[in-house]
Structure formats: C-alpha cells, structure tokens
Amino acid sequence: MKTYIVGNWKMNFTVGDASVYLHKLLKRIKPARNLQVAIAPSTIALQPLSLQIDRKKLKLAAQNCCGKDYGAYTGETAISQLRGMVDYCIVGHSERRYVFNETDQQIREKVAACVRNNITPILCIGETESERTFGETRDVLRDQLSSGLKDVSREDLEKCIIAYEPVWAISSVKGARPATPDDIANSIKIIREFLREMYGKTIEEKMPVLFGGSVNPSNAGAYLTIPGVNGLLIGGASLIADQFDDIIETAKKVAS
Ligand code: PGA
C-alpha cells in the first residue's frame, strides 16, 4: 500500500503566497514510488494551483466541500465544481465538526458527494479530550466511521481514506499534546477492527488510515512505523517547506 503525506494548509497563505510556496515545494520534491504527497490549500487557491502543479510529484486536495452537487447553497463549493482540480477532499476535519458545528449527516453527504464525483474523501475522525478522559474513544471512533461511511457502496469503499486525528493532539487546540505511538496504535486497532467487522478483511487491508495531530519531522518516523498507519495528515508543519520536506524524506525511507 502507498504511504500518504497530506499537508493541510488550513486558512493560510494568499493565492500569491501559496503559488510561491508550491513552486518551492515542486523544486524540492522528487516523485517516489509508493509515496503519494498531496497539499490542501484554501478553496480559492485550488484553481490557479491546479494549473501550476506537477501531478507526478504531488496532488491537490480540497479542505472541505458541499454535500450537494449544485443548487441554491450560497457560499458553498460543490465537489463537482472541483473536478479536474483535486484528487482528494478532506471531510469532517475536527475544525469543521466543532468550530463550524457540522453534523454527522452533513459529513456523510460530503463523503458520498466526493465518491460520486470520483474524488477520494479523506474522512477525519477522532475523539476530544473529554471523550478520551471518559473512556469513550472506541465508541466515538466507531460511531464516526459508521456514520461517515454509511452512504458509500461496498465497491466505493475502496476509494476512501480515513484520517485518525485525536482532537487533543491537534497543534492549534488549547493545551494540545502530541499523541504517543501507543495511543495511536490503540485507536488504529479500533478502526481496523471496525472495518473488518463491518466490511470484511479485504476492505480492512486496502483502506489507508492516516494519522494527524502535531506531526513534525522528529515524530514522523515513529508515527509512520505504527502498524496499520499508512500516512500522515499534517497541519502546522506543512506550512514550513523545510519541515514538510523532511517529513516527506522520512516517509520515502519508510515506504521503500
Ligand atoms: P497539526 O494539524 O499538524 O497542526 O496538529 C493537523 C490537522 O489539523 O489536520
């Protein structure tokens, strides 16, 4: 299976700055077999960057999309409008769930919209600090998975990626701390068990599961060698070329 390194730029960079940064990344990154690098810039930068990108080196991801394909939804961007620009779309990021109060129903519709439009959803799941404290991690992960994937047909499940992002480990969250490899291994086990139970061994083995939350060049190697982890979703460190590049180099070594 491929290793995925996905940079989530969140609401950073003007279109001009994004283009300059992409130029820098394209000069540094060499295509590598078994490694897929992607960046998720703001929606407004997707179209210009899609003309600049070298898809052999990296691909584009959207950070969010609407669950409908068109219609009277002021301010929204349909994933159908991003076809041809992006290969991936992050769905259900904790900032969407908790800052913008996205519901399970909306997240499920977004996942289905991506699949319908041949764009790979990266479905983010993860427990909050208090859910973890109250021992609810297993239930939360299973609920978010079963709800998020509910409208995806069996054949289309192979087009989905899961990202485990414990909310308490996301660098911008107050009081955040990096997860230990044991924490992560435990949750990955819960996720893989659920996939096996619900969809069988083949899907469990084929579905990439990424980890995200305070990933940086010093912990990336340890995170990437956790059994069942197939890549990283990176926020803060993806905004700094040296750090993102270091993580890609580490991933190349692990993937080869
Ligand atoms: P972080 O963000 O790497 O800055 O913790 C990860 C994310 O929110 O996807």
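The values are calculated or read from the model by the stated rules, or taken from the named source; none is laboratory data. Note that the structure is a prediction, hence the values are computed from the model and not measured. Neighbour counts run over all protein chains shown; Cβ positions are idealised from the backbone, glycine included. Ligands, DNA and RNA are stripped out before the accessible areas are found, and what is left, the full protein with its side chains, is counted by its heavy atoms. Shrake-Rupley method; radii C 1.70, N 1.55, O 1.52, S 1.80 Å.
Extending 7 Å from Cα along the Cβ direction at Q52 and again at D143 yields two label points whose distance is 4.2 nm.
Taken about its Cα centre, region 37-162 carries a charge dipole of about 500 debye when Lys and Arg each add +1 at the Cβ and Asp and Glu each add -1 at the Cβ. Over all other residues within a Cβ to Cβ distance under 15 Å of S218, the charged ones net out to -2, with Lys and Arg as +1 and Asp and Glu as -1.
Between L232 and Y4, I5, V6, F211, the built amide H atoms are under 5 Å apart, and every one of these is 5 or more places off in sequence or on another chain. Over region 1-74, the ratio between the Cα radius of gyration and 2.2 N^0.38 Å evaluates to 1.20. Residue by residue, region 239-245 carries 3J(HN,Hα) couplings of 8, 10, 3, 4, 5, 4, 4 Hz when phi is fed to the Karplus relation 6.51 cos²θ - 1.76 cosθ + 1.60 (θ = phi - 60°); x denotes Gly or Pro. Computed from point charges on the beta carbon alone (+1 for Lys and Arg, -1 for Asp and Glu), the dipole magnitude for the chain about its Cα centre is near 880 Debye. Couplings 3J(HN,Hα) of region 137-149, computed from phi: 3, 4, 5, 4, 5, 5, 5, 5, 5, 5, 5, x, 9 Hz, in residue order, whole Hz [Karplus 6.51 cos²θ - 1.76 cosθ + 1.60, θ = phi - 60°; x for Gly and Pro].
Working value for the chain: equivalent-ellipsoid semi-axes of 25, 22, 18 Å, each the square root of 5 times a Cα gyration tensor eigenvalue, largest first. Using a cutoff of 8 angstrom between alpha carbon atoms and counting only pairs six or more residues apart, the relative contact order for region 5-114 works out to 24 percent. Taken over the C-alpha atoms, region 189-256 has Rg and Dmax values of 13.5, 41 angstrom.
Largest first and in whole Å, the equivalent-ellipsoid semi-axes of region 119-238 read 23, 16, 13, each the square root of five times a Cα gyration tensor eigenvalue. Couplings 3J(HN,Hα) for region 90-104, derived from phi with the Karplus relation 6.51 cos²θ - 1.76 cosθ + 1.60 (θ = phi - 60°), are 6, 10, x, 4, 4, 5, 6, 5, 9, 7, 9, 6, 5, 8, 4 Hz, where x marks Gly and Pro.
Considering region 132-198 at the alpha-carbon level, its Rg and Dmax are found to be 13.3, 41 Å.
Comparing L123, L232, L49 in a Gaussian network model of the chain, where Cα atoms under 10 Å apart are tied by springs, the biggest mean-square fluctuation is seen for L49. For Y164, the accessible surface of its heavy atoms amounts to roughly 0 Å² (probe 1.4 Å, protein chains only, rounded to the nearest 10). Considering Cα pairs under 8 angstrom that are at least six residues apart, work out the relative contact order of the chain and quote it in whole percent. Relative contact order comes out at 20 percent. For H23, the solvent-accessible surface computed with a 1.4 Å probe is close to 100 Å², ligands and nucleic acids excluded. Taking the charge dipole of the chain about its Cα centre, with +1 at Lys and Arg Cβ atoms and -1 at Asp and Glu Cβ atoms, the residue from Y88, A169, L25 reaching farthest to the positive side is L25.
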